[in-house]
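Shown next, in structure tokens, is the structure this report addresses.
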Amino acid sequence: MRAPIVFLLALAVSTAFAVANAQDARTLNVYVVDVEGGNATLYVSPSGESVLIDSGNGGAGAARDADRIMAAVHDAGLKQIDNLITTHYHGDHVGGLPELATRVHIANFIDHGANVQPAANIDPVLQQYADLYANAKHTVVKPGEKIPVTGLDWRIVSAAGKVLTTSNTLS
């Protein structure tokens, strides 16, 4: 009678350890956030570092989009956005940034550099953008460069109208 009880106890303990270890194992989590125009996508690496691509609309949609992005940030258990990649300077991709930046710290702003398509409606947002990254890290990337995210090999394949031309750029 003692042998089956000891066996069941050992099985229960080993199962508990297996479940605990499975819960501690981190995964790459991807949150696609509908910002009604361009998508904002939040990546949370197994190390817990984050990359947000684009920040939604400005104007009347800014609070809505910031709410949606922040819901993903909270679900992921983040205290800050480690890296924000702005793909391009259209209102539905960067317009919501001033509102979002009032709600969460952004450590590193990443983009392709100067705006080559000035537009009267986006220029004020770009001035606010420059003001935001003035007090943070700002990285202008080129194709082939890596974004440092522990545990991921994150590479830029296109920036400022330039794309990778050879696979040697990836080595």
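Tallying residues that are in contact with a helix residue (DSSP H, G or I) (Cβ under 7 Å, 6 or more places away or on another chain) and modelled with pLDDT of 95 or more within segment 58-77 yields 4.
Can you spot a residue in segment 56-77 that is under 17 Å from the mean Cα position of the chain (by Cα) and on the phi > 0 side of the Ramachandran plot? Looking through segment 56-77, at least one residue is under 17 Å from the mean Cα position of the chain (by Cα) and on the phi > 0 side of the Ramachandran plot. Each residue in segment 92-142 was checked for being part of a helix (DSSP H, G or I) and of a type in the set (A, V, I, L, M), and 8 pass. When the test is whether a residue is modelled with pLDDT under 95 and either polar (S, T, N, Q) or under 19 Å from the mean Cα position of the chain (by Cα) (or both), Gln80 does not pass it.
Within segment 30-39, the residues that satisfy the criterion of being more than 18 Å from Ile147 (Cα to Cα) and assigned to a strand (DSSP E or B) are Tyr31, Val32, Val33, Asp34, Asn39. Apart from one condition, Ala120 fits all of (1) surrounded by fewer than 14 Cβ atoms within 10 Å (Cβ to Cβ); (2) under 28 Å from Asp153 (Cβ atoms); the exception is (2). Residues that are of a type in the set (Val, Ile, Thr) and in contact with an Asp or Glu (Cβ under 8 Å, 6 or more places away or on another chain) were ranked within segment 140-162; the one that is nearest to Ala101 (Cα to Cα) is Val140. The residues of segment 40-81 that are among the aliphatic types (A, V, I, L, M), crowded, with 20+ Cβ neighbours inside 10 Å and outside any strand (DSSP E or B), listed by number, are Ala62, Ala66, Ile69, Ala72, Val73.
The values are calculated or read from the model by the stated rules, or taken from the named source; none is laboratory data. Bear in mind the structure is a predicted one, so any value in this text is a computation, not a measurement. Reconstructed Cβ throughout: ideal geometry from the backbone, glycine too, with neighbour counts over all protein chains shown.
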